[in-house]
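Each remark here refers to the structure printed beneath this line.
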């Protein structure tokens, strides 16, 4: 099924106002700020570049791309196997729960607003267990028929944009400073999108001990603004 206004769909899904819950996640950034490791725009950029390389390029990006491919021709069994992989490579409880929480919100909305029987069946199949965010994001893009490379860029940008908005509150960064940071991260986003398109499924990994430790320590912080 192909939809018109594909660019608008991508902008809507990747926009900061889409209620997927990304605004409530910091993906380890809050722990790094609390420890003083991230304390300004320079250290935040370093953190984000590391996150893009380890979590997006090697893991979530390739998962999203594969979900797109499977959903385009609707191979539900393979899609659910990919979902198992997507959850299995999330080492910490917080990272798994964050991905599922966002995926459930994304699926609930997109399955309801899109006229696609397969997405509706997938929503019923997953039920209360939900589905991880990169899998359902890729599946929706595959069903809509948007260009996969453009979809990947939107996926990467939405991740970085959410991190920048978290940094505005946590570091903190000024609004103009945050926009400068986004501009400086364009090359890293391009590399992440390209790498996500090229990483084979059998090479998917999520090895980043620093982020895993930050995720584990996050639930023990004295003060928390974010869920991860």
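No lab work stands behind these numbers, since they all come straight from the coordinates. Quantities reported herein were computed from a predicted structural model and do not represent experimental measurements. Here Cβ is always computed from backbone atoms with ideal geometry, including for glycine, and neighbour counts include all displayed protein chains.
Annotations
- At full extension, residue 109 and residue 12 could sit 33.7 nm farther apart than now, given 0.36 nm per residue minus the alpha carbon distance.
- Ranked by how many other Cβ atoms sit within 10 Å of their own Cβ, fewest first, the residues 186, 32 fall in the order 186, 32.
- Efficiency of FRET between residue 125 and residue 222 - r from beta-carbon atoms, R0 45 angstrom, step 0.05: 0.65
- When its C-alpha radius of gyration is set against 2.2 N^0.38 Å (N residues), the chain gives a value of 0.96.
- Considering only alpha-carbon pairs that sit under 8 angstrom and 6 or more positions apart, the relative contact order computed for the chain is 41 percent.
- The fewest-to-most ranking of 70, 122 by surrounding Cβ atoms within 10 Å reads 70, 122.
- Cα centroid separation - the range 126-179 against the range 1-46, whole Å: 5 Å
- Cα gyration tensor category, rounded, prolate or oblate, for the range 78-146 with a/c compared to 1.5: prolate
- Cβ crowding within 10 Å, taken as a proxy for footprinting-reagent exposure, orders 117, 30 from fewest neighbours to most as 117, 30.
- For the range 1-130, the normalised intensity computed at q = 0.09, 0.15, 0.18, 0.22 Å⁻¹ comes to -0.32, -0.85, -1.18, -1.59 (log10 of I(q)/I(0), Debye sum over alpha carbons, equal scatterers, no solvent).
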